Amino acid sequence: MLTLILLVLLVSMALALLRAVKGPTVYDRILAANAFSTKTVLLITALGFLVGEAEYYIDIALMYTLVGFIATVAVLKVSEFGNLGQSGAVRSTPAEQSHK
């Protein structure tokens, strides 16, 4: 049964990877990459149960989850604002621009 779950996860990961490559928009690609990351965490956990060392694999899966979440937030911020906010340049709002 666990082998079937692993096969289904691999197929769904392939479909998510296909969506990440094809798009059509940037947000579709980001969502597909996030779904691929989530399925990777599930795959790592299922592999841990398959080999009988789930406690070690769950730790790895948790770390991968944290890294994937931070990466997704960073990519969304870059796609929305064009940078991660380190440049020091403050963007003015349309209301501030009309007062100049």
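Each reported figure results from applying straightforward, stated rules to the coordinates on display, with no laboratory input. The model shown is predicted, which means the values in this text are computed figures rather than measured ones. Counting neighbours? That spans all protein chains shown, and the Cβs are built from the backbone with ideal geometry, glycine included.
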inquiry  = Can you compute the helix-only [θ] at 222 nm over the chain? Use -39500 (n - 2.57) per DSSP H run of at least 4 residues, normalise by all residues, nearest 500 deg cm²/dmol.
reply    = -27500 deg cm²/dmol
inquiry  = On a full-extension model of 0.36 nm per residue, what is the gain between Asn83 and Leu4, subtracting their alpha-carbon distance, rounded to one decimal in nm?
reply    = 24.2 nm
ask   = Where the only charges are on Cβ atoms (+1 Lys, Arg; -1 Asp, Glu), what is the dipole of the chain about its Cα centre, to the nearest 20 debye?
value = 480 debye
task = Find the eigenvalues of the gyration tensor of the Cα atoms of the chain, then list the square roots of 5 times those eigenvalues as equivalent ellipsoid semi-axes, largest first, in whole angstrom.
result = 38, 17, 7
request  = Please find the FRET efficiency linking Ile58 to Leu31, where r is the Cβ-Cβ separation and R0 is fixed at 25 Å, and quote it to the nearest 0.05.
outcome  = 0.50
task = Express in nm, to one decimal, how much length is gained between Leu76 and Val11 on full extension, taking 0.36 nm for each residue of separation and deducting their alpha carbon distance.
result = 20.8 nm
